[in-house]
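The values are calculated or read from the model by the stated rules, or taken from the named source; none is laboratory data. Since the structure is predicted, the reported quantities are computational estimates derived from the model, not experimental observations. Methodologically, a virtual Cβ is constructed for each residue, glycine included, from the backbone with ideal geometry; neighbour enumeration extends over all protein chains shown. Protein only, heavy atoms only, side chains kept; ligands, DNA and RNA dropped before computing areas. Shrake-Rupley method; radii C 1.70, N 1.55, O 1.52, S 1.80 Å.
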Amino acid sequence: IARAFLYVRWEDDRLLGPYGSKETAPGEMRLIDILRDPALAGVCEGEMPWLRRNGARLGLLGRGCEHGEALVMPLRHGEQLVGLLVASHDGGGITDSQLHRLADLAGPAALSLGTTAERARRAESESRYRTLFEQAGDGVAILDPVNGEVRQANNALAGWLATLPGGLQGRAFATLFDAASRPVVSQALLAASHGRALTVGS
């Protein structure tokens, strides 16, 4: 095998790659464009274990594999398609022994891709949440459900209370407000603990 490239399935059914190529920078394509080819759709949907084809006929998947025969193999984590392996051999066709060696590598590659993609998705989701939380115009606090203490507070809430977010951590939420407001705050917290909206007027 002269070349072996990985394509990673990402959110919104995108394919990112090829990874493993020194000549071709990773790009992005839509999975739907790949599925328009019936043979490639069969590979992606599990109807075929692999596809052998001249690399020039693979379109965007064939970048770096235009000369000679190429092989497309799905990478699955459980039932989910997590990526594609594209391999090529310039000196003729891919032999059966090479094919079986690639098949042996597909399982660990799929597991690695699935784990890496899941971590990346989680990190991206946490990053989006953190941005929304910190930049929200409304005051937001995350409370300990057992004792009502502040676990996290955003800048808006801290600003209203003339402090920094870290200064609110560990404090009972109801005590952040003046004595006249505390009964209303306590009622709102009780409502929130029963799944109703928590709204405290000024």
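Suppose we filter L157, L132 for residues that are touching a strand residue (DSSP E or B) at 6+ places or on another chain (Cβ under 8 Å), part of a helix (DSSP H, G or I) and aliphatic (A, V, I, L, M); which single one remains? Spell out the reasoning first.
Details: L132 fails: touching a strand residue (DSSP E or B) at 6+ places or on another chain (Cβ under 8 Å).
Among L157, L132, only L157 is touching a strand residue (DSSP E or B) at 6+ places or on another chain (Cβ under 8 Å), part of a helix (DSSP H, G or I) and aliphatic (A, V, I, L, M).
Got at least one residue in the stretch 26-39 being open to solvent by less than 60 Å² (accessible area, probe 1.4 Å), of a type in the set (G, A, S), touching a residue at least 24 places away in the same chain (Cβ under 8 Å) and farther than 24 Å from Q98 by Cα? Before the answer, list the steps.
Taking the stretch 26-39 and keeping what is open to solvent by less than 60 Å² (accessible area, probe 1.4 Å), we get 27, 29, 31, 34-35, 37, 39.
Still in the running and of a type in the set (G, A, S): 27, 39.
After this cut, where a residue has to be touching a residue at least 24 places away in the same chain (Cβ under 8 Å) as well, the list is 27.
Retained after the next criterion (residues that are farther than 24 Å from Q98 by Cα): 27.
Yes.
Look at the stretch 135-154 and say how many of its residues are surrounded by fewer than 16 Cβ atoms within 10 Å (Cβ to Cβ), in contact with a strand residue (DSSP E or B) (Cβ under 6 Å, 6 or more places away or on another chain) and assigned to a loop (DSSP other than H, G, I, E, B).
Residues that pass the stated criteria total 1.
Give me the residue from the stretch 48-80 that is over 20 Å from I94 (Cβ atoms) and not polar (S, T, N, Q) and, out of that set, surrounded by the fewest Cβ atoms within 10 Å (Cβ to Cβ).
E79
Can you report the number of residues in the stretch 52-90 which are among the aliphatic types (A, V, I, L, M) and part of a helix (DSSP H, G or I)?
First pass over the stretch 52-90, keeping only residues among the aliphatic types (A, V, I, L, M): 56, 58, 60-61, 70-73, 75, 81-82, 84-87.
With part of a helix (DSSP H, G or I) added as a condition, the list becomes 56, 58, 60-61.
Looking only at that region, the number is 4.
So which of L164, L157, L198 ends up being in contact with a helix residue (DSSP H, G or I) (Cβ under 6 Å, 6 or more places away or on another chain) and modelled with pLDDT of 80 or more? Steps first, answer last, please.
Details: L157 fails: in contact with a helix residue (DSSP H, G or I) (Cβ under 6 Å, 6 or more places away or on another chain); L198 fails: modelled with pLDDT of 80 or more.
Of the residues listed, the single one that is in contact with a helix residue (DSSP H, G or I) (Cβ under 6 Å, 6 or more places away or on another chain) and modelled with pLDDT of 80 or more is L164.
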